[in-house]
Amino acid sequence: MNQACGVCGRDTVFTTCADCRMQLCDRCARFELLAEGCGTVVPAYFCPSCVSNPLANPNAIFWQMKEGK
């Protein structure tokens, strides 16, 4: 099975987007820490589109500020 990054097309897939499930390489994956319950933090990876979407990522506002949107 040939896997390719859904953003840039590189043939090395690192992970999938936590929201849209697009395959991502290590360059295109955006790392995020999400709060889950009382004191629990869960690591997640998003594609460049989903990381700044508040419906997908509860911390999207910080990415929007960083990217100047």
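The values are calculated or read from the model by the stated rules, or taken from the named source; none is laboratory data. From a predicted model like this one, the values you see are computed outputs, not experimental measurements. For neighbour counting, all protein chains shown are included, and Cβ atoms are generated from backbone atoms with ideal geometry for every residue, glycine included.
Within the range 27-34, can one find any residue that is more than 14 Å from the chain's Cα centre (by Cα) and among the acidic types (Asp, Glu)? Within the range 27-34, none of the residues are more than 14 Å from the chain's Cα centre (by Cα) and among the acidic types (Asp, Glu). Screening residue 24 on (1) in contact with a Gly (Cβ under 7 Å, 6 or more places away or on another chain); (2) surrounded by fewer than 18 Cβ atoms within 10 Å (Cβ to Cβ) shows it passes everything except condition (2). Within the range 2-14, is even one residue basic (Lys, Arg) and at pLDDT below 90? Yes.
Residue 37 fulfils the conditions (1) outside any loop (DSSP other than H, G, I, E, B); (2) more than 13 Å from the chain's Cα centre (by Cα) except for a single criterion, (1).
Summed over the range 26-69, the residues that are on the phi > 0 side of the Ramachandran plot and in contact with a Phe, Trp or Tyr (Cβ under 7 Å, 6 or more places away or on another chain) give a count of 0.
Of the residues in the range 44-67, at least one is surrounded by 17 or more Cβ atoms within 10 Å (Cβ to Cβ), without any contact (Cβ under 8 Å) to a residue 12 or more places away in the chain and not in a loop (DSSP other than H, G, I, E, B). Each residue in the range 1-21 was checked for being basic (Lys, Arg) and surrounded by 13 or more Cβ atoms within 10 Å (Cβ to Cβ), and 1 pass.
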